[in-house]
Amino acid sequence: MNIETLRDYCLKKEGVTESFPFDESTLVFKVMNKMFALTDLEGPFSINLKCHPIKAIDLREEFTAVMPGYHMNKRHWNTVVIDGSIGDDMIYQWIDDSYHLVVMSLPKKIRMELSQKGGLHHQ
């Protein structure tokens, strides 16, 4: 996985936009204006993903490349270092999980808008 495959994967999801709201190197992916993934274009390649709190702890215990979310609420976010120690398929699954956690936290009206675009099916 590299930044382009990560970017392409995230942008294929319904309702997703990308932006640089913090600085010129932190690329943020949002679904319906709510952040579900971010990565820094400088330094070691990693991605911050939203995660269920219990699963977040389990992943940190299982994988050395998974740490509490850098500059994020560490209960709900993990930073995943993309160093080849975790397979791409697993990282894609975690991106999907993050996307769906955020979608399910959206107000019903916005979830319905997304659903009409096809965004509530599992991608």
Scanning the range 35-49 for residues that are out of contact with any Lys or Arg (no Cβ under 9 Å at 6 or more places or on another chain) and in contact (Cβ under 8 Å) with a residue 24 or more places away in the chain gives Leu41, Pro44, Phe45, Ser46, Ile47, Asn48, Leu49
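Tell me, which strands (runs of 3 or more DSSP E) lie completely within the range 1-108 with 3 or more residues that are open to solvent by less than 40 Å² (accessible area, probe 1.4 Å)? Reasoning before the result, please.
Numbers: elements: 16-19, 26-31, 34-40, 46-50, 66-68, 77-81.
Per the criteria, 26-31, 34-40, 46-50, 77-81.
The values are calculated or read from the model by the stated rules, or taken from the named source; none is laboratory data. Bear in mind the structure is a predicted one, so any value in this text is a computation, not a measurement. Ideal geometry is used to build each Cβ from the backbone, glycine not excepted, and the neighbour counts take in all protein chains shown. To get the accessible areas, we keep the full protein, side chains included, count just its heavy atoms, and leave off ligands, DNA and RNA. Shrake-Rupley method; radii C 1.70, N 1.55, O 1.52, S 1.80 Å.
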